[in-house]
Amino acid sequence: MALQQQWKHCELPPPTISFRYPHTLSLPRGSAPPPDRKRSRVVQRPAAGAFELAECCRELEEGHRAWVAHKKEVAWRLRRMELQLEAEKACRRREKMEEIEAKVRALREEQTAALERIDAEYKEQLLVLRRDADAKEQKLAEQWAAKHARLSMLLEHIGSCRR
């Protein structure tokens, strides 16, 4: 930017600069150096301009190195942050899976307990029904036995009366 401002008063493009070798300044082909107004300035200006140009190149190169170093550091930090976030993500996923598995185990245990309660209730109901059926059968057997005994007595009585 400083180069553009320095060469702003000329109609020619700024010189091409090699950043690695600031002492090798070159102008584009077919161009001439900027016109000088006074002869006394001609002697002072190129030396001051070359020094300023070399200084700018040095600053530019230092800035570029700093930028590259910063870029590498940012890339390293970003990669480190990505790895950290991946590790946190894996940890959270593992915790969530363990939590869900624990809930599934609890639900299975609850299911097993509920099924066992249902089985116990039905077994008890069947036991009650069997007891009721046995009691009813016992009662019917007793009634039948009483009727049979009465009939036997009646038949004995009729048979003894006929004789």
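The values are calculated or read from the model by the stated rules, or taken from the named source; none is laboratory data. Bear in mind the structure is a predicted one, so any value in this text is a computation, not a measurement. Note: ideal-geometry Cβ built from the backbone for every residue, glycine included; neighbour counts use all protein chains shown. Heavy atoms of the whole protein, side chains included, go into the accessibility calculation; ligands, DNA and RNA do not. Shrake-Rupley method; radii C 1.70, N 1.55, O 1.52, S 1.80 Å.
Highest average first, the peptides 65-72, 51-58 ordered by how many other beta carbon atoms sit within 10 Å of their residues are 51-58, 65-72.
In sequence order, segment 68-73 has phi-based couplings of 5, 4, 4, 4, 5, 5 Hz under the Karplus curve 6.51 cos²θ - 1.76 cosθ + 1.60, θ = phi - 60°, and Gly or Pro positions carry x. Taking square-rooted eigenvalues a ≥ b ≥ c of the alpha carbon gyration tensor, is segment 81-163 rounded, prolate or oblate, where a/c under 1.5 means rounded and, failing that, a/b exceeding b/c means prolate? It is prolate, given that a/c is not under 1.5 and a/b is the larger ratio. Solvent-accessible area of segment 54-132 (1.4 angstrom probe, protein heavy atoms only): carbon and sulfur portion equals 57 percent.
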